[in-house]
Amino acid sequence: MKLYFSNTTTIITTKLILILIGFMSYCFINRNNIQFWGRRILILAIYGLVVCCFAAARDGLDITIQNAVEGTSIAGGIFEIVSIPTIVGCIGAGIIIISSIIALFIKSQNVKEVLFFIMCAGIILKIITVEIARIIM
């Protein structure tokens with residue numbers, strides 16, 4: 001429980017992740033009734049970015065990057081700059097960004113629906129990888 005409720009940042013990040021999973025689940029369950037997927041893609045992209053920023057702050061990724069760039073003696077975050085969670089996080093972010101950009105130019109709601117769920121897969125990949133790595137560490 002300390003991993004998820006030890007301070008303000010971890011509590012907010014945990015709640016944001018649960019809300020994000022709830023939104024993706026709601027869209028999956030009600031996918032037959034949703035007519036406009038572009039709005040959901042926009043919400044997912046923006047809210048997902050907010051959650052990602054909170055998770056990065058929670059895990060000290062900013063400190064790790066600062067340490068790698070400046071070579072300071074500051075103790076880094078919980079993950080190394082080159083580690084499975086950071087690499088998978090970058091791959092997931094790439095999937096989300098590319099899907100979001102493609103969605104801007106596509107008119108078909110069916111294709112936008114597919115892109116939405118591709119984005120969901122990228123987000124779920126990131127969440128699972130980082131949370132498992134946090135538990136193991």
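The values are calculated or read from the model by the stated rules, or taken from the named source; none is laboratory data. Given the structure is predicted, the values throughout are model-derived calculations rather than measurements. Every residue, glycine among them, receives a Cβ derived from its backbone with ideal geometry; neighbour counts consider all protein chains shown.
Summary of computed values
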| quantity | calculated |
| --- | --- |
| Out of Ala45, Ala55, sole residue that is touching a residue at least 60 places away in the same chain (Cβ under 8 Å), of a type in the set (Gly, Ala, Ser), touching a helix residue (DSSP H, G or I) at 6+ places or on another chain (Cβ under 9 Å) and over 23 Å from Lys2 (Cα atoms) | Ala45 |
| Evaluation of Ile101 against (1) surrounded by 13 or more Cβ atoms within 10 Å (Cβ to Cβ); (2) of a type in the set (A, V, I, L, M, F, W, C); (3) not in a loop (DSSP other than H, G, I, E, B) (one fails), failing number | (1) |
| Number of the exception - Gly92 against (1) assigned to a helix (DSSP H, G or I); (2) touching a residue at least 40 places away in the same chain (Cβ under 8 Å); (3) not hydrophobic (A, V, I, L, M, F, W, C) | (2) |
| Breaking point among (1) in contact with a Lys or Arg (Cβ under 9 Å, 6 or more places away or on another chain); (2) at pLDDT 95 or above; (3) in a helix (DSSP H, G or I), for Val51 | (1) |
| Search result, residues across the range 1-20 that are polar (S, T, N, Q), part of a helix (DSSP H, G or I) and loosely packed, with under 13 Cβ neighbours inside 10 Å | Thr8 |
| Residue in the range 78-96 that is surrounded by the fewest Cβ atoms within 10 Å (Cβ to Cβ), counting only those that are within 19 Å of Leu49 (Cβ to Cβ) and of a type outside the set (A, V, I, L, M, F, W, C) | Gly94 |
| Residues (surrounded by 12 or more Cβ atoms within 10 Å (Cβ to Cβ), in contact (Cβ under 8 Å) with a residue 60 or more places away in the chain and hydrophobic (A, V, I, L, M, F, W, C)) located in the range 29-42 | Ile34, Trp37, Ile41 |
| Any pair with Cβ under 9 angstrom, 6 or more apart, that starts in the range 108-135 at a residue that is within 19 Å of Val88 (Cα to Cα) and among the acidic types (Asp, Glu) and ends at one that is modelled with pLDDT of 95 or more and assigned to a helix (DSSP H, G or I) | Glu131/Ile17 |
| Candidates Lys112, Lys107, filtered to the one that is part of a loop (DSSP other than H, G, I, E, B) and either closer than 16 Å to Met137 by Cα or at pLDDT 90 or above (or both) | Lys107 |
